[in-house]
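S.K.: Take this structure first; my questions come after.
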Amino acid sequence: QVRLVESGRGVVQAGGSLRLSCAGSGITFRIYTPGWYRQAPGKQRELVATINSGGITNYADSVKGRFTISRDNAKNTVYLQMNSLKPEDTAVYYCNVRSWPNEYWGQGTQVTVSS
């Protein structure tokens, strides 16, 4: 059974930092492309960042230069370091891993940035 467990939820002031973690089990993590998505109230879920098996990263324009995605295959974990947080970063953040045709989602973790 595949499980993705996210941690690192919290409330932070604008300009602050937060790190999210997502630990996977039940999959061969190193062959998957993990990523982070987010969904703000009343909005569609959107891509935040991905990192493929070769370590190549992809970021949404809105987070470039502020967020960093990384992975530790030995720990089956993907991280999202979020710096210079803005109120518009407030959302539920979801961990995602995919390796066609399989795709799995975490349960989501709330990030709230106060102004």
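The values are calculated or read from the model by the stated rules, or taken from the named source; none is laboratory data. Fair warning: this is a prediction, and the values are worked out from it, not measured in the lab. Positions of Cβ are generated from backbone atoms using ideal geometry, with glycine treated the same way; all protein chains shown enter the neighbour counts. Ligands, DNA and RNA are stripped out before the accessible areas are found, and what is left, the full protein with its side chains, is counted by its heavy atoms. Shrake-Rupley method; radii C 1.70, N 1.55, O 1.52, S 1.80 Å.
S.K.: What whole-number value in Å² describes the accessible area per residue of the chain for a 1.4 Å probe?
M.R.: Numbers: 6190 Å² over 115 residues.
That works out to 54 Å² per residue.
S.K.: So how much slack lies between Val5 and Glu103, counting 0.36 nm per residue of separation and subtracting their Cα-Cα distance, in nm?
M.R.: Gain on extension, Val5 to Glu103, equals 33.8 nm.
S.K.: Based on a Kirkwood Rh over C-alpha pairs, give the Stokes-Einstein translational diffusion coefficient of the chain at 10 °C and viscosity 1.306 mPa s in µm²/s.
M.R.: In µm²/s, the coefficient is 113.
S.K.: While we're on this one: Leaving out ligands, DNA and RNA, and with a 1.4 Å probe, what % of the accessible surface on the chain is carbon or sulfur?
M.R.: C and S fraction of accessible area: 46 percent.
S.K.: Return the whole-Å distance between the Cα centroid of region 16-34 and the Cα centroid of region 40-115.
M.R.: The two parts, judged by their Cα centres, are 10 Å apart.
S.K.: Mind checking region 18-115 for trypsin sites (Lys or Arg not before Pro) that DSSP puts in a loop (not H, G, I, E or B) and that have at most 12 other Cβ atoms within 10 Å? Display every interim value, and only then the final one.
M.R.: Working: sites: Arg19, Arg30, Arg38, Lys43, Arg45, Lys64, Arg66, Arg71, Lys75, Arg98; in loops: Lys43, Arg45, Lys64, Arg66.
Here the sparse-neighbourhood loop sites are Lys43, Lys64.
S.K.: Next question. Net charge near Val63, counting Lys/Arg +1 and Asp/Glu -1 over other residues with Cβ under 11 Å of its Cβ? Walk me through the intermediate numbers first.
M.R.: Values: positive: Arg38, Lys64, Arg66, Lys86; negative: Glu46, Asp61, Glu88, Asp89.
Around Val63, the charge tally is 0.
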